[in-house]
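Here the structure is laid out as structure tokens; the discussion comes afterwards.
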């Protein structure tokens, strides 16, 4: 028996202006800009709906799929209950999209991570050619992930030289930890149902973040990447709220959060907004390649898209999907920031990602399977466990 989910199709569209590469990642310092629109209503931050935003007229640059996000279905003999959208009231009127009034949070103080990346500590070499340095650090899938249901524990070989105290993966004064699931398969995108959490974030010692995400990857070395999830970082967002985020990479060169070519569509959700009003809820998210663009869905409505032109039209299929919690910490050993909700996966209340699925755009289905490999950078701090068909729990308290 197979069940699908249903929801409400949004009706607003707009485009962000293309933004420069992430200043700290590529060694430059561009000033982020957003296209100027006449705002039809004032900021609604007083409503408790996240960062300040404005409602702007839609653009006809691209149209989303006429259908709702691809229905998730099991590739086995089990099935999940149909997804019931949270269905918040729109922030903007019909024909308008919600965009942030500030781009300050676009540029994080620490680079974005990925479970496949090894340590990078030579800042001068990185500044000269960030793409080459990152690509050299990418480790083979089989090195990071076990082939079966067991975890792959990273060895001490990943520990950087002093003085940075790090027992995870070192990146320029920050230490990265992952609890991740992954699956290699040619597809038209991917998705999952994730629990929205508000982990404790500790910034003593330097900047960082704690997040949960889906990464859809393809191209040479799987270095063309689109990401979607939630993020907590007072250094980036100016508060300890949970924020929706998007991000993308071009041949393993990171761009910036919530902008850098992102084209906004939804009038209800937007990258950078606070998700505190849905903490504790579960939300269905994902990406699908449609008519030349990578469209993201969030809560069964179209959030927006990354244009295929970001990769000169060369990124049209996904080859690798990763679903993971990520902590960037400068607290030393052990890290003090929570992953997920701070609970180890043995606890039934720990953070959950499920319906880990790959998209078949022709059938308009996101098939969830039970073939994911698992990896934990430092299981004593953060871990991940399989808890069902295409379902995992992840997280931990650090110290």
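The numbers here are math on the coordinates, done by the rules we state, and not lab data. What you see is a predicted model; the values in this text were computed from it and never measured. In this analysis, Cβ positions are derived from the backbone assuming ideal geometry, glycine residues included, and neighbour counts consider all displayed protein chains.
Here are the numbers:
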quantity	calculated
Residues of segment 188-228 with amide N under 18 Å of the 7 Å Cα→Cβ point at residue 360	188-192
Protection proxy ranking, peptides 118-130, 181-193, average beta carbon neighbours within 10 Å, highest first	181-193, 118-130
Added length on full extension, which subtracts the Cα-Cα distance from 0.36 nm per residue, residue 281 to residue 309	6.6 nm
FRET E, pair residue 333, residue 102, Förster distance 35 Å, beta-carbon r, rounded to 0.05	0.50
Inter-label distance, nm, simple model (7 Å from Cα along the C-beta direction), residue 317/residue 135	2.1
Segment 23-395: C-alpha gyration tensor shape, a/c 1.5 cut-off, then a/b vs b/c	rounded
